[in-house]
């Protein structure tokens, strides 16, 4: 549980830092297309950083009973951040289009993480 709160906080920090870096340092260096891709990565990283914090809080409160579904959801969110946002950051900086093939894998991890959160809520909420 503490792992997900810490991972969420780190990713929230990184999303703010990378967003600022994109807005200031990369604004003149990247095309509008790649800057928009960078911004998408920042947004998804922040959304899922907040989800990780929420998962950690839910796990620590024991509000949803057994935590196996929440644990799986948290790990899937981390994998999604690395693959989805990470591939978009690298794509923005390098322009290597093949990296776009990794992005949907991260998106599927995000979707699976949200499904596991739903499973936890449906199965264990009182």
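As a rough guide to protection, the peptides 99-110, 25-36, 82-93 ranked by mean Cβ packing within 10 Å, highest first, stand as 82-93, 99-110, 25-36.
Annotation: peptides 52-59, 117-124, 40-47, ranked by per-residue average of other Cβ atoms within 10 Å with the highest first, follow the order 52-59, 40-47, 117-124.
Note on residue 40 and residue 94: the extension gain reaches 17.8 nm, defined as 0.36 nm multiplied by sequence separation minus the Cα-Cα distance. Here the sum of -39500 (n - 2.57) over DSSP H runs of 4 or more residues, divided by the residues of the chain, equals -26500 deg cm²/dmol at 222 nm, to the nearest 500.
State the dimensionless ratio Rg/Rh of the chain (Rg: radius of gyration of Cα atoms; Rh: Kirkwood radius). Over the Cα atoms of the chain, Rg/Rh equals 1.05.
For residue 28 and residue 82, the FRET efficiency from 1/(1 + (r/R0)^6), where r spans their Cβ atoms and R0 equals 25 Å, is about 0.35.
For the chain, the relative contact order comes to 30 percent (Cα pairs under 8 Å, sequence separation of at least 6).
All of the numbers you see were taken from the coordinates with simple rules; none came from a lab. Keep in mind that what you see is a predicted model, and the values were worked out from it rather than measured. A quick note on method: Cβ atoms are made from the backbone with ideal geometry, for glycine too, and the neighbour counts reach across all protein chains shown.
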